[in-house]
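Okay, structure first, notes after.
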Amino acid sequence: MGWIRGRTLGRGSSATVSLAMNRQSGEVFAVKSVELSRSEFLQREQSILSLLKCPRMVGYLGCDVTNENGQLFYNLFMEYVSGGTLTDTIRHQGGMLDESAIRSHTRAILEGLDYLHSRGLVHCDIKGRNILVGQNGTKIADLGCARWVGEQPPAMPIAGTPVFMAPEVARGDEQGFPADVWALGCTVIEMATGRPPWLDVSDPVSALHRISLSFDLPDFPSFLSEEGKDFLGKCLRRDPKERWTVQELLKHPFLEEGSGVQLKLKRIQRSTSATSPMSILDQGIWESLEESMTETEADIAVHMPNQLGLGSSLNSPSERIGRLIECIPSSSPTPRLSDWTRDEDWVTVRRTNHAEEPIETSWSAYTDLISEEQELKLLGSSSSSVINEYPIHYSVNSSSSQGSLSISCKCGRDVAVICNLNYDEVPLPNKL
């Protein structure tokens, strides 16, 4: 295949990755190159990639050997992923990713690892720089350290990045499927903080010493949700036998769609389940009152005419609101709603730009209170066991006439019922 090498995309410890283009088709792809004399690991990667086909793995396109300036190079052709590495994405997003993005990338990495593990392959070097992000999603790349699960030293030496290594790998014991799970947990920390784990170690040797011989774990980001921290706890267990498998992690609640929203709802429900309601229309109030009513109270419940067609129970919210706006009690043969457009339903209290006599208003108590029987009649009930009385009375005087006004405010169990003005019993002039 005739192709042209373009700009350098990245450099690793064993090879250089460049942009390339097919001379005939114009197709753009990535080429990973190294001197032929040092190409053992790259040829091994080619033999593995050629057996794989998964949307969560970088695609394999072919290989060749070229002579460039008198030097032979081994070249591995791969799918070009335009978004760069996951580490680049973290940097472009301000140094850390939000939990929704972490969840999405983590799920994709796990799907790729599930594919590898099902075929007996351990990646051995999961980290942000070996994860590519593009228009077709998140993909695992760089299988230069990958091994078949049965391969152990000296057939295949321990390989990987020290700060992402699991304790058993740092000790040189084994490098199996659980090692990829540990590295995934370290990658989640990288996504959340923009930094690799073990920030307090100064060099790879110190990192290997601490990881292999201490009982320490990398610090979990404090701002992660409880599900996120629990997910990390399942990945970062020092004993590889206690770590969750990739398939188990794929079912973890942290990876569920909308898990962050569900978590917030659960927290709100837990925090309010044993506290006061947030408003007087909170459904829980009415339900608890209905359940606590005795049989006697139910028998004497006040029933108002169904003006709104929304039910007739005393404790129905719609009925309580309906009673608040009633103009004539239910005992009246012709109940009606208030007509606020009629002038005679209003009493002028103050006018501006009119030369009228000043109004003298006194708030002396009106002593001739209506009887309890009359009050109960206004509410359509024959008993006072569910009524508490809070009367408000005052009189209005003017130079030309005098009248008295009585307003009686009632509270029936859990809602205030305001009795209407009765102009027949307590006459007032239409105009003061």
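Laboratory data are not the source of any read-out in this text; all were calculated from the coordinates shown. These numbers come from a predicted model, not from an experiment. Here the Cβ positions follow ideal geometry from the backbone for every residue, glycine too, while neighbour counts run over all protein chains shown.
Once you charge only the Cβ atoms, +1 for Lys and Arg and -1 for Asp and Glu, what is the size of the charge dipole of region 3-78 about its Cα centre, to the nearest 20 debye? Working shown, then result.
On the way: 9 positive and 6 negative charges, 48 e Å.
Roughly 240 debye for region 3-78.
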Checklist line | Asp88-Trp148 pseudo-label distance in nm [points 7 Å out on the Cα-to-Cβ vector] | finding: 3.4 nm
Checklist line | Segment His209-Glu35, length gained on full extension (0.36 nm per residue, minus Cα span) | finding: 59.3 nm
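How large is the translational diffusion coefficient of region 86-266 in µm² per second when you combine the Kirkwood radius over alpha carbon pairs with Stokes-Einstein at 37 °C and 0.692 mPa s? Mind dumping the intermediate values first?
Working: Rh = 16.5 Å.
D, rounded to a whole number, is 199 µm²/s.
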Checklist line | Leu255 paired with Arg195, simple spin-label distance in nm, labels 7 Å along Cα-to-beta-carbon | finding: 2.9 nm
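Which order do the peptides 63-76, 225-238 take when ranked by the mean count of other beta-carbon atoms within 10 Å per residue, highest first? Please list the in-between numbers first.
On the way: 63-76: 14.2, 225-238: 18.4.
So the peptides 63-76, 225-238, ranked by packing, come out 225-238, 63-76.
Over the Cα atoms of region 1-107, compute the convex hull volume and normalise it per residue, giving Å³. Let's see the in-between values first.
Numbers: hull volume 13.8 nm³, N = 107.
About 129 Å³ per residue, rounded to a whole number.
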